[in-house]
1. Against the conditions (1) of a type outside the set (S, T, Y); (2) outside the structural domain of A:A52 (by TED's automatic domain parsing); (3) part of a helix (DSSP H, G or I), where does A:P156 fall short? Just the number, please.
2. Kindly check whether there is at least one residue in the range B:39-51 that is surrounded by 24 or more Cβ atoms within 10 Å (Cβ to Cβ) and either of a type in the set (S, T, N, Q) or within 7 Å of chain A (Cβ to nearest Cβ) (or both).
3. Tally time: how many residues in the range A:77-132 are under 25 Å from B:E50 (Cβ atoms) and part of a helix (DSSP H, G or I)?
4. Looking at (1) under 22 Å from A:L152 (Cα atoms); (2) modelled with pLDDT of 85 or more; (3) outside the structural domain of B:S27 (by TED's automatic domain parsing), which is the only condition B:G128 fails?
5. For the list (1) over 24 Å from B:G134 (Cβ atoms); (2) within 7 Å of chain B (Cβ to nearest Cβ); (3) over 21 Å from the mean Cα position of the chain (by Cα), I need the number of the one condition that A:F95 fails.
6. Among the listed residues B:I158, B:I122, which satisfies the condition of being at pLDDT below 90, surrounded by 14 or more Cβ atoms within 10 Å (Cβ to Cβ) and not assigned by TED's automatic domain parsing to the domain that holds B:G29?
7. Restricting to the range B:87-112, give me the number of residues that are more than 9 Å from chain A (Cβ to nearest Cβ) and either within 17 Å of the chain's Cα centre (by Cα) or surrounded by 22 or more Cβ atoms within 10 Å (Cβ to Cβ) (or both).
8. Looking at the range B:52-83 only, could you name the residues that are over 14 Å from the mean Cα position of the chain (by Cα) and at negative phi?
Amino acid sequence: MSDHPLISLIIVVAPLSLLAIGGASAIYAPLQHQVVDVYQWFSGREYLELFAIARVTPGPGSMLATIIGWRMAGLAGALAATLALYVPSTTLCFFAARIWNRYRGSRWHSAIESGLRPIAAGLMISGGVTILRVEGSNPLAWAMALGACALLIWRPLLHPMILLAGGAVVFVAVHAVTG
Amino acid sequence: MQKPATSPTPVPLFALYKLFFAVGLFSFGGGLTAWFHREVVLVRQWMTDEEFFSGYSLAQVLPGVNSTNMAVYIGQHVRGAIGSVTALAALLTGPFVVVIVAAVTYNRLVELPGFSAAMAGIATTAVGMIFRLGMASAKASVRHVPSVLVLIATFVAIGLLQWPLMPVLAVLAPLSIAAAWPRAADRTDTPAA
């Protein structure tokens with residue numbers, strides 16, 4: 001194993017790309033273990049701060065690797081970590097999707113597809129519940145999520161930015177009132 | 001490969017880049033897949049509901065973040081390999097810059113009054129988008145009793161009991177596929193949901 005931090009970073013991050021089954025949250029724990037315990041690039045507190053920064057960032061929810069790379073080696077580190085995290089899994093997905101589409105209409109394809117569909121739907125709703133758990137058992141969070149959902153059923157084409165901005169305004173207002 | 005029913009003229013790569021760049025940049029709080037669904041199926045009609053959820057099932061069981069997998073799937077659907085690369089690069093460009101800016105300015109950001117509350121508000125509203133898409137996906141998949149049972153089992157195991165995903169998938173996926181096998185043969189002419 002190389003001593004160069006960029007190489008080590010890629011060696012740490014790239015396998016996690018293929019381990020992240022079920023989304024970005026699957027890599028948080030193993031990534032923390034590697035960069036805090038094994039390589040000791042960051043203290044636990046520093047890692048938590050990086051985690052907090054990644055959480056306020058838009059996008060696929062896994063910019064955590066990018067920020068780790070940035071703190072370690074600047075722009076080159078950020079690029080290396082981002083590519084290491086996303087290239088392996090998306091390359092796999094690309095070829096899997098090609099095979100998947102080629103056999104569209106065959107019996108096994110439709111069996112797998114209709115078999116996986118309720119699982120995917122269940123996972124999606126579970127993902128939402130998990131995020132609300134992170135926010136704590138705040139009744140306002142649940143009310144907001146269900147309210148936004150109801151609003152979208154009523155107006156499916158409501159622009160997400162309007163919706164998200166509304167959510168921010170309500171939370172800030174409630175926060176200001178209740179302190 | 002079967003031709004998509006929608007998008008008779010090829011989608012310009014720039015349009016693809018613009019869309020994924022915007023979603024990447026503004027999708028604070030998650031909910032990217034719901035946002036993709038809105039833009040690609042409802043607004044632009046680049047793919048059908050059926051095609052979208054088919055890809056979503058694939059993106060869920062494959063390793064990697066769902067939203068980047070979906071970007072690759074959608075990009076491939078509309079423009080092949082170059083479409084996948086364009087969509088993925090576009091999706092990551094905005095967040096890449098923002099996360100670095102956030103890292104540099106983080107200490108000042110958190111001192112802004114209401115900043116944490118605003119971020120929490122955005123995140124919980126984004127969950128509403130996820131719920132809505134989950135309901136649409138559920139509605140399309142619960143035409144049969146086994147599907148309903150699998151959906152409930154998935155939600156209870158992962159969402160409520162928070163069991164690890166891998167073993168749950170390893171048990172439920174084969175069962176669900178086996179249950180779908182008998183009715184798979186006569187699905188050749190299924191209309192889009």
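1. It is condition (3) that A:P156 fails.
2. no
3. Final tally of qualifying residues: 35.
4. Among (1) under 22 Å from A:L152 (Cα atoms); (2) modelled with pLDDT of 85 or more; (3) outside the structural domain of B:S27 (by TED's automatic domain parsing), B:G128 violates only (3).
5. All conditions are met except number (2).
6. Just one listed residue meets the conditions, B:I158.
7. Of the residues in that region, 3 qualify.
8. Hits for the range B:52-83 are B:Q76, B:H77, B:V78, B:R79, B:A81, B:I82, B:G83.
The values are calculated or read from the model by the stated rules, or taken from the named source; none is laboratory data. This is a predicted model, so every value here is computed, not measured. Cβ coordinates were reconstructed from backbone atoms using ideal geometry, including for glycine residues, and neighbour counts include every protein chain displayed.
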